[in-house]
Amino acid sequence: MAQIPNIITFLRMAGSTGLLFCNVSGVIFWIIYGLCGISDIADGWLARKLNCISKTGALLDSVADICLVACCAWQILPMLQLPQWLWLWAGLIVIIKAVNQISAIVRHGHCRFPHTMANKATGFLLFIAVPLTFISIIPITIVATVATFAAIQEGHFIRTKDEKK
């Protein structure tokens, strides 16, 4: 029972990879996308419910999130006509997150992915905003705002919080 949340997380990784072989304008893509989003909520909820929260599970969840975002970006971004300022903003967020991980390695000896409320909000909003981005850039701009705050907050937690807490 304790491994069920991790199995769900691995299935999200597999589903994310499967998105690379689907047509973005097809129903199958969006069904898999929806299932991946639901599994992101389900694995954490189930881990808490079964009282089997672990550092490994939290790390797997973060890796699965990165996998989903990367696979969706690979498939969807070439189809969008986003303004240059939004690309630069996204690049800045990536740089902040990369610096955060370098800081984590220097300070703690390994990567850290704090599951802050801001990071959770970013993930939820991103999940909703991706399909809406085909209509307007406003939803993705809101996500970029929250993601910027989340990345800065993540870096603060990595650099100031004791690993044992």
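The values are calculated or read from the model by the stated rules, or taken from the named source; none is laboratory data. Keep in mind the model is a prediction, meaning the values are calculated, not measured. Cβ atoms come from the backbone with ideal geometry, glycine included; neighbour counts cover every protein chain shown. Calculation scope for accessible area: heavy atoms of the full protein, side chains included, ligands and nucleic acids excluded. Shrake-Rupley method; radii C 1.70, N 1.55, O 1.52, S 1.80 Å.
Within segment 48-57, does at least one residue satisfy the condition of being more than 17 Å from Ala129 (Cα to Cα), modelled with pLDDT of 95 or more, over 18 Å from the mean Cα position of the chain (by Cα) and open to solvent by less than 50 Å² (accessible area, probe 1.4 Å)? No, segment 48-57 contains no residue that is more than 17 Å from Ala129 (Cα to Cα), modelled with pLDDT of 95 or more, over 18 Å from the mean Cα position of the chain (by Cα) and open to solvent by less than 50 Å² (accessible area, probe 1.4 Å). Number of residues in segment 105-127 that are among the basic types (Lys, Arg) and touching a helix residue (DSSP H, G or I) at 6+ places or on another chain (Cβ under 6 Å): the value is 1. May I ask you to verify whether Ile128 is closer than 23 Å to Leu20 by Cα, of a type in the set (Val, Ile, Thr) and without any contact (Cβ under 8 Å) to a residue 24 or more places away in the chain? For Ile128, the condition - closer than 23 Å to Leu20 by Cα, of a type in the set (Val, Ile, Thr) and without any contact (Cβ under 8 Å) to a residue 24 or more places away in the chain - is met.
Against the conditions (1) surrounded by 14 or more Cβ atoms within 10 Å (Cβ to Cβ); (2) over 20 Å from Ser54 (Cα atoms); (3) modelled with pLDDT under 95, Thr148 satisfies every one except (3).
What are the residues in segment 122-143 that are farther than 22 Å from Val27 by Cα, open to solvent by 70 Å² or more (accessible area, probe 1.4 Å) and within 12 Å of the chain's Cα centre (by Cα), if any? Across segment 122-143, there are no qualifying residues.
Just so you know, in segment 68-98 the residues that are without any contact (Cβ under 8 Å) to a residue 24 or more places away in the chain and closer than 20 Å to Ile135 by Cα include one that is most open to solvent (accessible area, probe 1.4 Å), and it is Gln81. Ile158 meets each of the listed conditions (1) closer than 22 Å to Thr17 by Cα; (2) hydrophobic (A, V, I, L, M, F, W, C); (3) in contact (Cβ under 8 Å) with a residue 40 or more places away in the chain apart from (1). Name the one entry in Ile66, Ile95 that is hydrophobic (A, V, I, L, M, F, W, C), over 12 Å from the mean Cα position of the chain (by Cα) and assigned to a helix (DSSP H, G or I). Testing whether each residue is hydrophobic (A, V, I, L, M, F, W, C), over 12 Å from the mean Cα position of the chain (by Cα) and assigned to a helix (DSSP H, G or I) leaves just Ile95.
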